[in-house]
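Student: Please read through the structure below; I'll follow up with questions.
The values are calculated or read from the model by the stated rules, or taken from the named source; none is laboratory data. The model shown is predicted, which means the values in this text are computed figures rather than measured ones. Cβ placement follows ideal geometry from the backbone for every residue including glycine, while neighbour counts extend to all protein chains displayed.
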Amino acid sequence: MNSFEGSSATLVDQTGPYTHAAELLSFAMKQVPGTIERPRLLDLRCGTGRTARLFAQAGWEVVGVDCCPQFANSWIDICELYPGCKFLDDDAFSGLTPWSLGQFDLVIALDDSAVEFLESTSLLETLEFANHSLRRGGHFVYQLERSTSWSVSDPLATCVGMGFEEAWRASPVDLGCRIDMRLEHCASRDIIVAKR
């Protein structure tokens, strides 16, 4: 991994699998109100559940959604070890569905397949689904390839336009740290955090 200095933050080149799950959990724990006994995570394109397992170990209820049936096998272990966790196939993500309405404190799309999914489908649909699924004050954290071929020209303004209260570009190692979108760096991906 390469680090890139900018503003007061360090940008880390995030290529390959998302490797900052502990930092994500730390950020998420600070955001959840103390009145919520068991926070809920929705992991879109969850893969084998590496990030989900860490959240489940910390007492979160986790729902993983993925299109690859082979990942369901790795989730059997997670669901047996951590009651309240479940795996859904990608059909659950088709449109706004009642099962997810305002049920989650955190929605993530960080796996490599999630990056490809966000690039190949409408980011707007994913933002709408995430906003629909989050409780007020919840966060959607996702990563995008730094590319001029985004389906939207400004992901931060698009998040706000889709109903999120605010959005910022973040360092993967400090998701609360806001990094100016105009700051040039050679990292291949940007982490975007949107607050409902």
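Student: Out of the residues in region 163-173 that are modelled with pLDDT of 90 or more and of a type in the set (A, V, I, L, M, F, W, C), state the one that is surrounded by the most Cβ atoms within 10 Å (Cβ to Cβ).
Tutor: First, pick out the residues of region 163-173 that are modelled with pLDDT of 90 or more: 163-168.
This time we only want the ones that are of a type in the set (A, V, I, L, M, F, W, C), so: 164, 167-168.
Values: 164: 21, 167: 24, 168: 18.
Looking at residues that are modelled with pLDDT of 90 or more and of a type in the set (A, V, I, L, M, F, W, C), I get 167.
Student: Here are the criteria: (1) at pLDDT below 85; (2) touching a Ser or Thr at 6+ places or on another chain (Cβ under 9 Å); (3) surrounded by 15 or more Cβ atoms within 10 Å (Cβ to Cβ). Tell me which single one residue 19 does not satisfy.
Tutor: (2)
For every residue, the table says whether it meets (1) modelled with pLDDT of 90 or more; (2) of a type in the set (Lys, Arg); (3) within 13 Å of residue 141 (Cβ to Cβ).
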residue: 15; (1), (2), (3): no, no, no
residue: 38; (1), (2), (3): yes, yes, no
residue: 59; (1), (2), (3): yes, no, no
residue: 62; (1), (2), (3): yes, no, no
residue: 87; (1), (2), (3): no, no, no
residue: 93; (1), (2), (3): no, no, no
residue: 105; (1), (2), (3): yes, no, yes
residue: 122; (1), (2), (3): no, no, no
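Student: Shifting gears a bit: Take the residues in region 42-66 that are more than 13 Å from the chain's Cα centre (by Cα) and in a strand (DSSP E or B), then tell me which one is surrounded by the most Cβ atoms within 10 Å (Cβ to Cβ).
Tutor: Step by step, filter region 42-66, then rank; the result is 66.
Student: State which residue pairs qualify: first residue closer than 15 Å to residue 139 by Cα and inside region 155-182, second residue of a type in the set (Phe, Trp, Tyr) in any location, beta carbons under 8 Å apart, and separation of 6 or more residues or different chains.
Tutor: As it stands, the answer is 156/168; 159/140; 164/140; 172/18; 174/27; 175/27; 176/27; 178/168, since those pairs meet every condition given.
Student: Same structure, new question: Search region 67-91 for residues being surrounded by fewer than 19 Cβ atoms within 10 Å (Cβ to Cβ) and within 19 Å of the chain's Cα centre (by Cα), and hand back the single one that is nearest to residue 22 (Cα to Cα).
Tutor: Per the criteria, the residue is 86.
Student: Looking at (1) within 14 Å of residue 141 (Cβ to Cβ); (2) modelled with pLDDT under 80; (3) among the aliphatic types (A, V, I, L, M), which is the only condition residue 109 fails?
Tutor: Of the numbered conditions (1) within 14 Å of residue 141 (Cβ to Cβ); (2) modelled with pLDDT under 80; (3) among the aliphatic types (A, V, I, L, M), the odd one out for residue 109 is (2).
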